[in-house]
1. If you restrict to DSSP beta bridges whose two residues both lie in the chain, what percentage is antiparallel, to the nearest 5?
2. Straight distance only, please: which lysines reach the Cα of Lys329 with their own Cα at less than 28 Å, same-chain residues fewer than 8 apart left out?
3. So which chymotrypsin sites (Phe, Trp or Tyr not before Pro) in segment 77-141 end up in coil per DSSP with only 11 or fewer other C-beta atoms within 10 Å?
4. Could you run the Karplus curve 6.51 cos²θ - 1.76 cosθ + 1.60 with θ = phi - 60° over segment 228-239 and give me ³J(HN,Hα) per residue in whole Hz, x for Gly and Pro?
5. For the pairs Lys40/Lys255; Lys47/Lys255; Lys40/Lys397; Lys334/Lys397; Lys40/Lys390, flag any whose C-alpha to C-alpha distance is greater than 26 Å.
6. List, in order, the whole-Hz ³J(HN,Hα) value for each residue of segment 315-331 obtained from phi through the Karplus relation with A = 6.51, B = -1.76, C = 1.60 and θ = phi - 60°; use x for Gly and Pro.
7. Take each of the peptides 272-279, 207-214, 36-43, average the number of other beta-carbon atoms within 10 Å over its residues, and list them starting from the highest.
8. In a shell of Cβ-Cβ distance under 12 Å around Asp355, excluding Asp355 itself, what net charge do Lys and Arg (+1) and Asp and Glu (-1) give?
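Laboratory data are not the source of any read-out in this text; all were calculated from the coordinates shown. Owing to the predicted nature of the structure, the values given are computational and were not obtained by experimental measurement. Note that each Cβ is placed from the backbone with ideal geometry, even for glycine, and that neighbours are counted across all protein chains shown.
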Amino acid sequence: MSIRLRDFSDVSIEDYDAVVVGSGFAGAVCAHELAERGGKRVLVLEKRPHIAGNMYDEYDEAGILVHRYGPHIFHTGNQEVFNYVRQFTGWIAYQHHVLADWYGTYMPVPFNKNSMDIAFGEEKAQGLIQKMVDKFGDERKVTITELRESDDPELAEVADFVYENVFLYYTQKQWGLTPDEVDPSVTARVPVFISRDDRYFQDAYQGMPAAGYTELFNAMLDSDNIDICLSTDAVSVFDLEFKDDSEDAALECIKIKDREFTGPIIYTGPLDELFLGRFGRLPYRSLDFVYETYDEEYKLPCATVNFTVTEDYTRITEFKRLTAQRSDKTTIMKEYSRAYEDPDAQIPYYAIINDENNAHYERYRDLTRTLPNFYPLGRLAEYRYYNMDKIIELALKLSREILASE
Ligand code: FAD
Ligand code: UDP
């Protein structure tokens, strides 16, 4: 069995009950559920020449399995979601560790008790750790925003250290903003952890698909009820009809191949692109990835090293440490964050969450509310900072709602 690829020019739209735009987790989970649980005939439109969205991985020239759109580590507290992804492929147990390169010294991130020993020396750290435990409790997570609100001079010293040496430069590189300027939910993703637990995530369920994410997506989209058109941009094949000619006129219907499509349309691309940026482009951050292969077994001490005080890239990831692959070569990848300026040449990876941008997004979202069969879903279409597990949870919920409503 394998996925069923079709050329869009050969497709008869009346053969389908649902259209899904995008084949990342948002699109692929919906396509699978509608097709396999609901018996719907689903057409997936994907503008890239491959499936799997940002999770896409492939073997490079050195034979190393690499992620093409940033390193993806699966972690969730939601057992249903973990069981769901596990049905498609074997999984390997994996716990992610990140070290900050602090002027050549490695320090665990999230900043924790072990990092404090390195930053302040064990003797001084002992007193500071006790202060942290007294104030916040042991084995607790504290955001840098909360820690900086402390007026105790010793806790303020810890807060200043973490702010200056873990968050400031990394955040400036990643967002072009200081930690004070980004939404607090962004830095809260990586809280200070009053613990000796050096793992990046503490979720109950963590792992990596044994044969890679692309194989997982191949299994998820392998259905007699799913046809997939690659290299097909929905924006160019959708014909949008509006209630009137005004700028704020809401969507009345979407035509595909000259026919109004009345079945569910699940859209997982950027909403501003769908409307050709009529209210101005939504701001995103993009990334450039630079790969290097070495004739060495390993290059890094752990899977990811964050450069929090030096270098113009944010982090380096060594894929073999994520995938447990054995080879006498290794491939690493450096991530450079960029402003998103050219939709034709760049990929929008991160929505820049703030009140102004959220309101800007809502203008686009309002255009779609009048069309009951149109469902925006995912990191791009909802302009949110979602991890994979959240998207899967939302996609399962949406597909159930769609099937229940029919
Ligand atoms: P995507 O995966 O982006 O899929 C959207 C798909 O829609 C793409 O294939 C795109 O080509 C397609 N598309 C867009 N517009 C159109 C159009 N007009 N026509 C046709 N197709 C279109 N999450 C984790 O849980 N763990 C991690 O370790 C992790 N690491 C990450 C690292 C990076 C660098 C980034 C950027 C994200 C990371 N994430 C991680 C988040 C994860 O990538 C997202 O949660 C996930 O990709 C969301 O799935 P999605 O389907 O919404 O979007
Ligand atoms: N962050 C930081 N230093 C680090 C790690 C994270 O400043 O060493 C901040 C930075 O603003 C980053 C955010 O925390 O964008 C979220 O980090 P995460 O690792 O979750 O980012 P992602 O993997 O989603 O790119």
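1. The antiparallel fraction comes to roughly 65 percent.
2. Cross-link targets: Lys299, Lys320.
3. In loop regions of segment 77-141 (DSSP not H, G, I, E or B), the sparsely surrounded chymotrypsin sites (Phe, Trp or Tyr not before Pro) are Tyr103.
4. Whole-Hz 3J(HN,Hα) from phi for segment 228-239: 10, 9, 7, 6, 10, 8, 4, 4, 8, 9, 7, 10.
5. Check vs 26 Å cut-off fails for Lys334/Lys397.
6. Per residue, the Karplus-derived 3J(HN,Hα) values read 8, 10, 10, 10, 5, 4, 6, 7, 9, 6, 6, 9, 6, 8, 10, 9, 10 Hz.
7. Highest-to-lowest ranking by the protection proxy: 207-214, 36-43, 272-279.
8. Residues close to Asp355 contribute a combined charge of -3.
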